Amino acid sequence: GRITFSGDDGGDIHTQAAAIKAFVDGTPGGNDMPGSLRFYTNVGDTGVTERMRVNSAGSLLIGTTVTTGTSTSGDDIIIGSIDDSTNRGITLATSGQAAIRWADDGDNAMGRVQYSNSTDKMNFYTSNAERFTILSDGKIGINDSSPSRRLEITEASDTGYVINTATVNNALLLTNPQ
């Protein structure tokens, strides 16, 4: 089935501007009809081009029509294809806060990356606690949400810090340039 959106282009009234089409997406069986829903738009040409698809597995494909080259599990949203050199991105447009969240059955934001446009501050959370902060001036805080120096690491207990290097001759050098 299909729904088409057409308009009068001055030559006819049949030139499509957009369409939504349903397709069989797999092999039908008794009372079993795997299907996909595909969305098309026209960029000012003579026909429509597929822009987005929901396949029979429930995956959302944007800017691609196949799952080739992606992982076999966990890819609910696929944007672009492996052999496509188009620059891609996701923009969360707001004057407030925007976040990407990882949820479980106990909490809807156990892990998240959050950006506040009012303070230009980016936070990274794990286990629903702020762990890593980047301020607008580039200052970084680890377990410190308001670092006043270029890098601040705050530890609630005195478990200490360990920096391991791959060889004996490598070391971490801390200096005070005063």
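Need pairs with beta-carbon distance below 6 Å; first residue among the basic types (Lys, Arg) and within segment 86-98, second assigned to a strand (DSSP E or B); sequence gap 6+ or separate chains.
Arg88/Ile79
Output the number of the condition that His14 fails; it satisfies all remaining conditions of (1) over 26 Å from the mean Cα position of the chain (by Cα); (2) of a type outside the set (A, V, I, L, M, F, W, C); (3) open to solvent by less than 60 Å² (accessible area, probe 1.4 Å).
(3)
Could you check Met110 against (1) hydrophobic (A, V, I, L, M, F, W, C); (2) open to solvent by less than 60 Å² (accessible area, probe 1.4 Å); (3) out of contact with any strand residue (DSSP E or B) (no Cβ under 6 Å at 6 or more places or on another chain) and say which number it fails?
(3)
Would you list the strands (runs of 3 or more DSSP E) that sit entirely within segment 60-144 and hold 1 or more residues that are out of contact with any Gly (no Cβ under 7 Å at 6 or more places or on another chain) and of a type in the set (D, E, K, R)?
Values: elements: 60-62, 77-79, 97-104, 107-116, 121-126, 129-134, 140-142.
Fully inside segment 60-144 and qualifying: 97-104, 107-116, 121-126, 129-134.
Only one of Ser36, Ser81, Ser71, Ser116 is at pLDDT 90 or above and within 19 Å of the chain's Cα centre (by Cα). Can you tell me which? Outline the logic, then answer.
Values: Ser36 fails: within 19 Å of the chain's Cα centre (by Cα); Ser81 fails: at pLDDT 90 or above; Ser71 fails: at pLDDT 90 or above.
Exactly one residue qualifies, and that residue is Ser116.
For segment 128-140, what are the residues that are within 14 Å of Ala103 (Cα to Cα) and within 20 Å of the chain's Cα centre (by Cα)? Working first, answer last.
From segment 128-140, those within 14 Å of Ala103 (Cα to Cα) are 128-129; that's our starting set.
Residue satisfying the conditions is Asn128 alone.
Go through (1) open to solvent by less than 70 Å² (accessible area, probe 1.4 Å); (2) closer than 30 Å to Asp9 by Cα one by one and return the number of the condition Val43 breaks.
(1)
The values are calculated or read from the model by the stated rules, or taken from the named source; none is laboratory data. Everything quoted here is computed from the prediction, not taken from an experiment. Note that we place each Cβ from the backbone using ideal geometry, even for glycine, and neighbour counts take in every protein chain shown. What goes into the accessible areas is simple: the full protein's heavy atoms, side chains included, and nothing from ligands, DNA or RNA. Shrake-Rupley method; radii C 1.70, N 1.55, O 1.52, S 1.80 Å.
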